[in-house]
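As structure tokens, the structure follows; a few thoughts come after it.
Nothing in this text is a laboratory measurement; each read-out follows from the coordinates by a stated rule. Since this is a predicted model, take the numbers as computed values, not measurements.
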Amino acid sequence: MTAKNPKAKKEKKPGRSRSRALLLLSLLLIGSALVRLGMEAGPAIAREVSNLQNGEGEAPNHSGRMQTEGMPSSAELQAMLAAFQERETALEAREAEIEDRMKALEIADEAIDRKLAALELAEEELRTTLAMADGATEADVDRLTTVYEQMKPKESAALFEEMDPNFAAGFLARMRPEAAAGIMAGLSPEAAYTISVVMAGRNSGVPKE
């Protein structure tokens, strides 16, 4: 039995050596892979860590800067609100001023309309008065002319001698020809000539056939 055991041991040695070689090769391959993986992943991990560190340091600043730039400050909001209120107050004052002016214009228009109506009424009354005065004057002149015609020529001539030539010529032009002739005969040559010139001048403008 002692002779069989050494032989068995001698037969098993090559198998063990092969297993150990395979194990050692596997370990070497695994170690090489780990080293290679570590060399490749190291920079990537370092970059990620660096990015994370930079992101943690810059992100708040960037976010805060955007918030600061995008949103107005409290003082700016108050200034804007005050400007809006001031503008609204100015617009309300302007509207009130325009309304006051419109009311003033309406009152002025009403006053002008009343004055125009009063002027029209006054003109109508004046025309009526003038018409009445003209009628009364015409009637008075006619009556006075009749009185001069009924007077004696010598008495009428004495009055016409003192009259203004234009005034006397107007009365004589209204009288009957025989009555006017009697008065003209009683006038002085100077008065008769002057009245005759006035009457001729009035008749010179009359159209002739």
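Annotations
- Table column - 3J(HN,Hα) (Hz), the stretch 151-165, Karplus curve with 6.51, -1.76, 1.60, x for Gly and Pro: 6, 5, x, 5, 5, 5, 5, 5, 5, 5, 5, 8, 6, 5, x
- Scalar couplings 3J(HN,Hα) for the stretch 82-90, obtained by applying the Karplus form with A = 6.51, B = -1.76, C = 1.60 to θ = phi - 60°, are 5, 5, 5, 5, 5, 5, 5, 5, 5 Hz; x denotes Gly and Pro.
- Karplus (6.51, -1.76, 1.60) ³J(HN,Hα), θ = phi - 60°, over the stretch 137-146, in Hz, Gly and Pro reported as x: 5, 4, 5, 5, 5, 5, 5, 5, 4, 5
- Long-range HN-HN contacts of Met163 with modeled amide H, under 5 Å: none
- Intensity falloff of the stretch 143-194 expressed as log10 I(q)/I(0), Debye formula with alpha-carbon point scatterers, at q = 0.19, 0.20, 0.27, 0.31 Å⁻¹: -0.50, -0.56, -1.08, -1.46
- The calculated Kirkwood hydrodynamic radius for the stretch 102-190 is 16.5 Å, given to one decimal from all distinct C-alpha pairs.
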